[in-house]
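Let me begin by presenting the structure, written as structure tokens, before commenting on it.
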Amino acid sequence: MIIDILTLFPESFSYLNSSILKRAQESGIIKINVIDIRNFSKDKHKKCDDYPFGGGAGMLMSVQPIYDSVMSVKRENSKIIFPSPSGTTLTSQIAKTLSKEEHLIFICGHYEGIDERVCEIFNPLQISIGDYVLTGGELPTMVIIDCLSRFIEGVISQESLLEESFSCGGLEYPQYTRPADFMGYKVPEVLLSGNHKEIERFRRKASKERTKLIRPDLDKD
Ligand SMILES: C[S@@+](CC[C@H](N)C(=O)[O-])C[C@H]1O[C@@H](n2cnc3c(N)ncnc32)[C@H](O)[C@@H]1O
């Protein structure tokens with residue numbers, strides 16, 4: 001998959017060059033390009049924002065630099081995404097669907113957002129990462145990329161996906177690693193027993209209880 005990120009703040013994206021996403025890029029599963037929208041401004045001072053018509057607080061990102069930066073990477077099979085509080089809230093299912101795309105383009109809004117004509121021209125898929133407002137689309141873009149990447153084959157083991165919260169139909173069971181006793185806080189005995197049937201039963205029950213308690217909306221029966 002190729003991912004082009006259009007932003008006024010390319011320095012924000014170092015997170016994508018660490019850990020699992022770094023390995024996914026090194027192995028060629030994902031290729032991520034971060035593109036500075038400012039390079040496309042036709043203004044002599046490389047300005048990319050302006051006051052909103054009709055007045056109001058803050059500045060708005062102008063249509064021209066965004067239009068030209070999208071056109072510099074857009075192909076026939078591109079899916080354009082605009083992270084926005086007005087979008088559909090991100091879910092595992094949306095991320096899974098996006099993981100099948102060949103080319104994603106992310107438009108990162110900033111300040112008060114972007115000129116609406118960007119949406120009129122490109123009709124991007126608008127995705128919100130929750131009912132709150134951040135200063136820019138850079139973090140939401142990273143959240144969406146991180147989330148969808150986990151569904152691309154080879155990025156993480158498919159087994160971990162099956163048991164993960166939301167994919168397993170609720171919240172995941174609690175997990176422990178060594179030591180078995182930390183300052184008197186003990187790992188549940190059954191997990192040390194080697195009895196896989198019992199371990200499986202314990203985990204299913206713990207997952208169910210946790211889901212019921214914390215996210216009853218996910219509890220299906
Ligand atoms: C300060 S916000 C603009 C908010 C906009 N004026 C509104 O009220 O909906 C700047 C940019 O951050 C991004 N953003 C902020 N909150 C977001 C969220 N919850 N989900 C996705 N993107 C968000 C969007 O790209 C947005 O254009």
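Residues in the stretch 148-162 that are assigned to a loop (DSSP other than H, G, I, E, B) and within 15 Å of Ala95 (Cα to Cα): Arg150, Phe151, Ile152, Val155. Scanning the stretch 159-201 for residues that are at pLDDT below 95, aliphatic (A, V, I, L, M) and surrounded by 10 or more Cβ atoms within 10 Å (Cβ to Cβ) yields one hit, Leu161. Taking first residues from the stretch 99-120 that are crowded, with 20+ Cβ neighbours inside 10 Å and partners that are of a type in the set (D, E, K, R) and assigned to a helix (DSSP H, G or I), the Cβ contacts under 7 Å between residues at least 6 apart in sequence or on separate chains come to Cys108/Glu138. Once the stretch 124-137 is narrowed to residues that are in contact (Cβ under 8 Å) with a residue 40 or more places away in the chain and more than 13 Å from the chain's Cα centre (by Cα), the residue that is nearest to Val63 (Cα to Cα) is Pro124.
With respect to being in a strand (DSSP E or B), in contact with a strand residue (DSSP E or B) (Cβ under 8 Å, 6 or more places away or on another chain) and of a type in the set (Phe, Trp, Tyr), Phe13 falls outside the description. The residues of the stretch 24-64 that are in contact (Cβ under 8 Å) with a residue 60 or more places away in the chain and within 18 Å of the chain's Cα centre (by Cα), listed by number, are Ala24, Ile29, Ile30, Ile32.
State yes or no: is Thr141 more than 14 Å from the chain's Cα centre (by Cα), in contact (Cβ under 8 Å) with a residue 12 or more places away in the chain, within 14 Å of the ligand (Cβ to nearest atom) and within 20 Å of Asp49 (Cβ to Cβ)? No; evaluated as a whole, the condition is false for this residue.
Only one residue in Lys74, Lys31 is surrounded by fewer than 17 Cβ atoms within 10 Å (Cβ to Cβ), within 20 Å of Arg117 (Cα to Cα) and touching a strand residue (DSSP E or B) at 6+ places or on another chain (Cβ under 8 Å). Which one? Exactly one of Lys74, Lys31 is surrounded by fewer than 17 Cβ atoms within 10 Å (Cβ to Cβ), within 20 Å of Arg117 (Cα to Cα) and touching a strand residue (DSSP E or B) at 6+ places or on another chain (Cβ under 8 Å), namely Lys74. Sub-8 Å Cβ pairs linking a first residue in the stretch 160-173 that is over 17 Å from Glu200 (Cβ atoms) to a second residue that is crowded, with 17+ Cβ neighbours inside 10 Å and charged (D, E, K, R), at least 6 apart or interchain, are Leu161/Arg150; Ser165/Glu172, ordered by first then second residue. In the stretch 65-88, the residue that is nearest to the chain's Cα centre (by Cα) out of those that are among the small types (Gly, Ala, Ser) and farther than 23 Å from Tyr132 by Cα is Ser78.
Within the stretch 163-180, one or more residues are assigned to a helix (DSSP H, G or I) and not aromatic (Phe, Trp, Tyr).
The values are calculated or read from the model by the stated rules, or taken from the named source; none is laboratory data. As the structure is a computational prediction, the values presented were derived from the model and not from experiment. Neighbour counts run over all protein chains shown; Cβ positions are idealised from the backbone, glycine included.
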